[in-house]
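Below: the structure, in C-alpha cells.
The values are calculated or read from the model by the stated rules, or taken from the named source; none is laboratory data. A quick note: this is a predicted structure, and the numbers were derived from the prediction, not measured. Counting neighbours? That spans all protein chains shown, and the Cβs are built from the backbone with ideal geometry, glycine included.
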Amino acid sequence: MKTLIRCFGTFDRALTRALKFVTVVLFVALLGILTVNVAARFVSSHLALEWMDEIVELCFASLVFYGAAAVWMTKGHFSAGNWITKVCKNPRLVSLYRAGVELASLLFMAVFLKYSLQLTLKSHEVTAYFQIPKAVLYASMPVSAAIMVLYSAGAVAVELFGVFAPED
C-alpha cells in the first residue's frame, strides 16, 4: 500500500509540474502573439496576422482547461471555506458532507468528460489557415476532464474513508 501511495505521489507531482509548465508556456505564447499583433497594427493598420486567431483559440482553450485541471488537482479553486467543522463537531458527518460535495463534483466532471469527448471525437472540421483539425483544439477538454474525474474520485474515496474510519 505504501508503494502505491508513493507511486501516486510521484505521478501527482509530475502531472502538477507538467500542467503548470504547459499553462505558463501557453500564457507566454499568448502574450507574445498578442504583443506582435498590437505592434503590427501600430506599424500599419492594414498589417494583419491571418493565422493569429487559430493559434490564440488553441492557446486560450488549452490554457483555460489545463489550468482548471491544475487548480482542481491542488484544490486551489475558490470554495465556501471550512465552515462545516465549526457547525458540526461529528467528524463522520463532516466527512459524509464533504463526500457528498466531492461526489457532486465527480458527477459533474463525468458528464463534462462524456460530452467533451463526444464533441472532440465527432469534430471533423479543420481551421481555415493552418488546417488544424478542430479536434486538436477541443482535446484539452476531455483530457482535463479525465484528470479532474480521477482526482474527484480520489477525493470521494478519502472522504468516505473518513466516514468509516474518522480517527485515521
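I'd like to check which helices (runs of 4 or more DSSP H) are fully inside region 49-168 and have at least 2 residues that are surrounded by fewer than 15 Cβ atoms within 10 Å (Cβ to Cβ) and modelled with pLDDT of 95 or more. Don't jump to the end; show me each part of the working.
Working: elements: 52-73, 84-87, 91-122, 134-138, 140-164.
Answer list for region 49-168: 91-122.
Only one of the numbered conditions (1) in contact with a Gly (Cβ under 8 Å, 6 or more places away or on another chain); (2) farther than 24 Å from F161 by Cβ is violated by R17, and that is (1).
Taking region 1-21 as the range and being of a type in the set (A, V, I, L, M), surrounded by 10 or more Cβ atoms within 10 Å (Cβ to Cβ) and free of Cβ contacts under 8 Å to residues at least 24 places away in the same chain as the test, the residues that pass are A14, A18.
Looking at L113, L58, L63, L137, can you tell me which residue is in contact with a Pro (Cβ under 7 Å, 6 or more places away or on another chain), aliphatic (A, V, I, L, M) and within 22 Å of L19 (Cα to Cα)?
Working: L58 fails: in contact with a Pro (Cβ under 7 Å, 6 or more places away or on another chain); L63 fails: in contact with a Pro (Cβ under 7 Å, 6 or more places away or on another chain); L137 fails: in contact with a Pro (Cβ under 7 Å, 6 or more places away or on another chain).
Of the residues listed, the single one that is in contact with a Pro (Cβ under 7 Å, 6 or more places away or on another chain), aliphatic (A, V, I, L, M) and within 22 Å of L19 (Cα to Cα) is L113.
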